[in-house]
Amino acid sequence: MGATVIDGKALADRYAAQLKARVDRLLEKGIQPRLAVILAGDNPASEVYVRLKQKRAAELGIKTDAYVYDSGVSEQTLIDCLAKLNADSGVHGILVQLPLPEQIDAQSVLAQVLPEKDVDGIHPFNAGALMCDEAGFVACTPKAVLALIQSTGESVEGKNTVVVGRSRMVGKPAALLLLQNDATVTLCHSKTRDLASVTKTADILVCAVGRPGLITADMIKPGATIIDVGTTKVEGKWYGDVEFTPACEVASYITPVPGGVGPMTIIMLMENTVEAAEKKAHG
Ligand code: NAP
């Protein structure tokens with residue numbers, strides 16, 4: 001069997017076309033969606049991610065402002081910056097690029113972002129809204145995961161769905177979002193016993209660990225849909241958590257790394273930013 005490779009870049013381009021029309025409608029009303037990005041420390045990967053986000057934003061007509069700090073920045077400086085951005089009515093969305101330098105308590109800083117500007121969907125208010133099935137910004141990578149699954153035309157309803165990884169940013173909200181969409185969800189982590197026996201039950205398998213080769217072909221149910229969130233750079237090359245070529249022989253659908261979840265995560269950030277600007281425009 002040869003799995004269909006889900007092209008995250010092409011899907012993101014289709015989302016971009018729709019988003020551009022929404023941005024144009026805002027521009028006609030004199031409102032330009034604006035995203036503030038805080039980047040602290042010398043992390044080359046973070047710098048690349050921020051550049052990619054700024055590039056996509058520029059294509060869509062979303063203004064971005066980057067607030068760049070060196071690795072010695074204090075927590076108070078970041079909190080002061082966030083207070084100014086929260087108070088600036090022209091700023092619709094705020095993104096704090098993670099990771100932050102080690103002397104910074106990331107949770108304390110992230111909690112300062114106004115929930116209505118938290119377009120990354122990671123403020124406890126928005127995380128709680130997802131938990132309670134209430135309106136709020138959903139974290140971008142989980143939204144990307146759901147969109148990639150839905151792009152296959154398959155419904156998640158009633159499907160056995162296994163999420164490997166339980167981080168606050170990815171695994172846990174992905175599991176909640178899938179549950180909200182009526183999937184039957186199992187959440188695995190580093191203490192899960194006999195991971196293969198669980199992953200083999202998955203009609204849909206979402207891997208968000210960051211360990212290349214963790215998921216081998218014999219851990220995959222024939223015909224499954226595989227969403228590989230993992231991104232790990234080894235000797236200059238990016239790898240997911242799934243052994244891609246052998247997995248293609250077993251799965252029905254699979255996302256590549258790179259070119260799967262990554263471009264869709266960026267477009268979901270843009271979608272949340274446009275939504276924040278629209279909410280502001282409508283009072
Ligand atoms: P994280 O915070 O390090 O969490 C990793 C999770 O994997 C943890 O829950 C951990 O379990 C679990 N885990 C570790 N070893 C395991 C094992 N042997 N078996 C099962 N579970 C195991 O990472 P993250 O922020 O969620 O990111 C995960 C991956 O996704 C990374 O590669 C990251 O770069 C990538 N990512 C990609 C995008 C994108 O846009 N493409 C966005 C975000 C993240 P415990 O909780 O028990 O420690």
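The values are calculated or read from the model by the stated rules, or taken from the named source; none is laboratory data. If you're wondering where the values come from, they're calculated on a predicted model, not measured in any experiment. Positions of Cβ are backbone-derived with ideal geometry, glycine not excepted, and every protein chain shown enters the neighbour counts. Quick note on the areas: whole protein, heavy atoms, side chains included, nothing else; ligands and nucleic acids left out. Shrake-Rupley method; radii C 1.70, N 1.55, O 1.52, S 1.80 Å.
Within region 83-100, at least one residue is in a helix (DSSP H, G or I) and open to solvent by less than 40 Å² (accessible area, probe 1.4 Å).
For beta carbons closer than 8 Å, sequence separation of 6+ or different chains, a first residue in region 73-84 that is farther than 13 Å from L39 by Cβ and in contact (Cβ under 8 Å) with a residue 40 or more places away in the chain and a second that is open to solvent by less than 60 Å² (accessible area, probe 1.4 Å) and part of a loop (DSSP other than H, G, I, E, B), the qualifying pairs are L82/V113.
Once region 160-172 is narrowed to residues that are more than 10 Å from the ligand (Cβ to nearest atom) and farther than 15 Å from V242 by Cβ, the residue that is surrounded by the fewest Cβ atoms within 10 Å (Cβ to Cβ) is N160. If the condition is being in a helix (DSSP H, G or I) and in contact with a Leu (Cβ under 8 Å, 6 or more places away or on another chain), then region 3-46 contributes G8, L11, A16, L19, K20, V23, S46. Residues satisfying the criterion are present in region 48-63 (criterion: of a type in the set (K, R), within 30 Å of G283 (Cα to Cα), assigned to a helix (DSSP H, G or I) and open to solvent by less than 50 Å² (accessible area, probe 1.4 Å)). If the condition is being within 24 Å of I204 (Cα to Cα), open to solvent by 60 Å² or more (accessible area, probe 1.4 Å) and touching a residue at least 60 places away in the same chain (Cβ under 8 Å), then region 111-159 contributes only E154. Considering region 222-236, and only residues there that are under 24 Å from S151 (Cβ atoms) and touching a helix residue (DSSP H, G or I) at 6+ places or on another chain (Cβ under 8 Å), the residue that is surrounded by the fewest Cβ atoms within 10 Å (Cβ to Cβ) turns out to be T231.
Applying the selection to region 222-262, what residues are touching a residue at least 40 places away in the same chain (Cβ under 8 Å), among the charged types (D, E, K, R) and over 18 Å from M169 (Cβ atoms)? K233, E249, listed by residue number. Checking every residue in region 124-141 against the condition of being at pLDDT 95 or above, touching a Pro at 6+ places or on another chain (Cβ under 6 Å) and within 14 Å of the ligand (Cβ to nearest atom) gives at least one match. Restricted to region 237-262, and to residues there that are assigned to a strand (DSSP E or B) and closer than 22 Å to L146 by Cβ, the residue that is most open to solvent (accessible area, probe 1.4 Å) is Y253. Report yes if D80 is outside any loop (DSSP other than H, G, I, E, B), within 28 Å of T255 (Cβ to Cβ) and open to solvent by 60 Å² or more (accessible area, probe 1.4 Å), otherwise no. In short, no.
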